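J.: One structure, as structure tokens, below. Some questions next.
The values are calculated or read from the model by the stated rules, or taken from the named source; none is laboratory data. This one's a predicted model, so the numbers in the text were calculated from it and none came from an experiment. Heads up, the Cβs are rebuilt from the backbone with ideal geometry, glycines too, and the neighbour counts pull from every protein chain shown. Just so you know, the surface numbers come from the protein's heavy atoms only, side chains and all, with ligands and any DNA or RNA stripped out. Shrake-Rupley method; radii C 1.70, N 1.55, O 1.52, S 1.80 Å.
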Amino acid sequence: MIWKRKDLLGIEDITQEEIEHILAEAQKTPEPVLVGKSVALLFFEPSTRTHTSFDLAAKRLGATVTGVPIAQSSVQKGESFLDTLKTLEAMGVNLFVVRHGESGILHPVAPQLQASVINAGDGAHEHPTQALLDFYTILQHKGKFKGLKVVIVGDILHSRVARSNVWGLLRLGAQVTLCGPATLVPKEASEWGVEVSYNLEKALQGADVINVLRLQLERQKESLIPSLAEYAKLYGLDAQNLSLAKPDCLVLHPGPMNRGVEISSEVADGSQSAILEQVKNGVAIRMAVLRLLLSSRSKNEESRGRLKKAKA
Ligand code: CP
């Protein structure tokens with residue numbers, strides 16, 4: 001397929017063919033195809049994995065990378081989000097990687113920019129490159145998606161990872177079960193085309209993949225669980241309840257982990273865990289997305305340039 005999109009704002013927006021194209025692109029050996037391109041990283045929320053892997057990915061492809069220090073920027077003087085991006089674009093930035101606490105903030109802004117925009121996590125909405133690296137890791141282990149039972153366990157309510165995973169996994173043909181306490185599963189989840197379970201033991205039966213989510217205590221405005229100990233007892237993945245899944249069940253976690261709360265160290269560091277593979281695959285997936293968004297635009301710009309010259 002020929003890649004046409006300028007931006008990657010979410011998995012809900014893209015087709016199965018586009019997801020498969022990104023996964024195929026991630027297998028390519030990195031070459032410096034983005035020399036002369038400029039990438040800016042704007043993280044309004046903390047990050048280790050996503051920020052660093054975008055930084056490494058862009059540099060491996062030859063782009064220059066600027067990490068914009070939000071706390072020292074004119075955002076603190078009240079400059080709007082759009083004005084901030086337009087200011088940086090005027091300096092020659094070709095692509096923005098943005099993490100922001102507000103769900104959906106990028107959708108009205110991206111069409112107002114010539115530069116590409118990648119959503120690196122917006123509120124509890126989407127985290128498309130996390131989902132893509134999850135899919136890539138599943139594909140490496142299972143070789144397919146169709147018919148797989150994927151259980152997403154934990155704080156679904158606050159999770160952008162869960163939403164991006166659900167849209168993509170359903171499009172790829174997997175069966176998805178969401179499991180967590182009723183207070184942490186959004187009411188509308190039953191309309192997403194997934195199974196919803198409040199009982200972890202039942203949900204894990206026959207699972208091919210378990211994606212364990214972080215309990216996002218920083219996003220809980222009120223107490224939604226009785227205690228961490230109770231949550232760990234009812235919804236924590238440990239060696240005992242993992243044995244209810246298929247013997248070759250793969251364990252994923254987007255990180256960072258609350259060890260001993262949503263996942264035991266025995267499972268996180270065990271033979272079924274692919275958590276560090278996910279981190280490694282994050283660089284490959286982010287290189288793939290950067291390459292597709294920036295090099296396809298270069299080709300389009302070149303062909304537009306050739307057309308202009310031919311007409312002149
Ligand atoms: N999974 C993830 O987004 O991790 P970071 O917050 O460290 O980027």
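J.: Please specify each residue of the range 1-44 satisfying the condition of being open to solvent by 40 Å² or more (accessible area, probe 1.4 Å) and of a type in the set (Asp, Glu).
T.: Our first condition is that a residue be open to solvent by 40 Å² or more (accessible area, probe 1.4 Å); within the range 1-44, this holds for 1-2, 4-6, 12-13, 15-17, 20-21, 24, 27-33, 35-36, 44.
If the condition is that a residue be open to solvent by 40 Å² or more (accessible area, probe 1.4 Å) and of a type in the set (Asp, Glu), then GLU12, ASP13, GLU17, GLU20, GLU31 are the ones that fit.
J.: Suppose the filter is within 21 Å of the chain's Cα centre (by Cα) and more than 16 Å from the ligand (Cβ to nearest atom); does ILE19 pass it? Please lay out each step first, then the result.
T.: Values: within 21 Å of the chain's Cα centre (by Cα): yes; more than 16 Å from the ligand (Cβ to nearest atom): yes.
The answer is yes for ILE19.
J.: Please count how many residues of the range 229-266 are without any contact (Cβ under 8 Å) to a residue 24 or more places away in the chain, over 19 Å from SER197 (Cβ atoms) and of a type in the set (S, T, N, Q). Reasoning before the result, please.
T.: Filtering the range 229-266 for residues without any contact (Cβ under 8 Å) to a residue 24 or more places away in the chain gives 229-230, 233, 240, 243, 247, 259, 265.
Add one more test, that the residue is over 19 Å from SER197 (Cβ atoms), and what stays is 229, 247, 259, 265.
This time we only want the ones that are of a type in the set (S, T, N, Q), so: 265.
So the count comes out to 1.
J.: Which condition from (1) within 25 Å of ARG219 (Cα to Cα); (2) more than 16 Å from the ligand (Cβ to nearest atom); (3) surrounded by 15 or more Cβ atoms within 10 Å (Cβ to Cβ) is the one that ALA71 breaks?
T.: For ALA71, the failing item is (3).
J.: With the requirement that a residue be more than 16 Å from the ligand (Cβ to nearest atom) and either within 24 Å of the chain's Cα centre (by Cα) or part of a loop (DSSP other than H, G, I, E, B) (or both), what does the range 239-260 give you? Break it down stepwise before answering.
T.: From the range 239-260, those more than 16 Å from the ligand (Cβ to nearest atom) are 239-250, 260; that's our starting set.
Passing the criteria: SER243, LEU244, ALA245, LYS246, PRO247, ASP248, CYS249, LEU250, GLY260.
J.: Out of the residues in the range 225-253 meeting the condition of being among the charged types (D, E, K, R) and under 17 Å from SER265 (Cα atoms), tell me which one is surrounded by the fewest Cβ atoms within 10 Å (Cβ to Cβ). Break it down into steps so the answer makes sense when it comes.
T.: Filtering the range 225-253 for residues among the charged types (D, E, K, R) gives 230, 233, 238, 246, 248.
Retained after the next criterion (residues that are under 17 Å from SER265 (Cα atoms)): 233, 238.
Working: LYS233: 11, ASP238: 15.
Residue satisfying both the conditions and the ranking: LYS233.
J.: So is SER164 at pLDDT 95 or above and in contact with a Pro (Cβ under 6 Å, 6 or more places away or on another chain) or not?
T.: Details: at pLDDT 95 or above: yes; in contact with a Pro (Cβ under 6 Å, 6 or more places away or on another chain): yes.
Criteria met by SER164.
J.: Of all residues being farther than 20 Å from LEU290 by Cα and free of Cβ contacts under 8 Å to residues at least 40 places away in the same chain in the range 104-146, which is surrounded by the fewest Cβ atoms within 10 Å (Cβ to Cβ)? Just the residue, please. Working first, answer last.
T.: The initial filter retains those residues of the range 104-146 that are farther than 20 Å from LEU290 by Cα, namely 104-105, 108, 123-125, 138-146.
Filter once more, keeping what is free of Cβ contacts under 8 Å to residues at least 40 places away in the same chain: 104-105, 108, 123, 143-146.
Values: GLY104: 14, ILE105: 19, PRO108: 10, GLY123: 17, GLY143: 7, LYS144: 12, PHE145: 24, LYS146: 9.
So, considering only residues that are farther than 20 Å from LEU290 by Cα and free of Cβ contacts under 8 Å to residues at least 40 places away in the same chain, the one surrounded by the fewest Cβ atoms within 10 Å (Cβ to Cβ) is GLY143.
J.: Shifting gears a bit: Cβ-Cβ under 7 Å, sequence separation 6+ or interchain: first residue in the range 42-65 and within 13 Å of the ligand (Cβ to nearest atom), partner open to solvent by 30 Å² or more (accessible area, probe 1.4 Å) and part of a helix (DSSP H, G or I). Which pairs?
T.: If the second residue must be open to solvent by 30 Å² or more (accessible area, probe 1.4 Å) and part of a helix (DSSP H, G or I), the pairs left are PHE43/HIS51; ARG49/VAL279.
J.: For GLY147, indicate whether it is in a loop (DSSP other than H, G, I, E, B), touching an Asp or Glu at 6+ places or on another chain (Cβ under 7 Å) and at pLDDT 95 or above. If you could, list the steps in order and put the result at the bottom.
T.: Working: in a loop (DSSP other than H, G, I, E, B): yes; touching an Asp or Glu at 6+ places or on another chain (Cβ under 7 Å): no; at pLDDT 95 or above: yes.
So GLY147 fails the test.
J.: Does any residue of the range 265-272 turn out to be away from the ligand (no atom under 14 Å from the Cβ), buried (at least 20 other Cβ atoms within 10 Å of the Cβ) and of a type outside the set (A, V, I, L, M)?
T.: No: zero hits.
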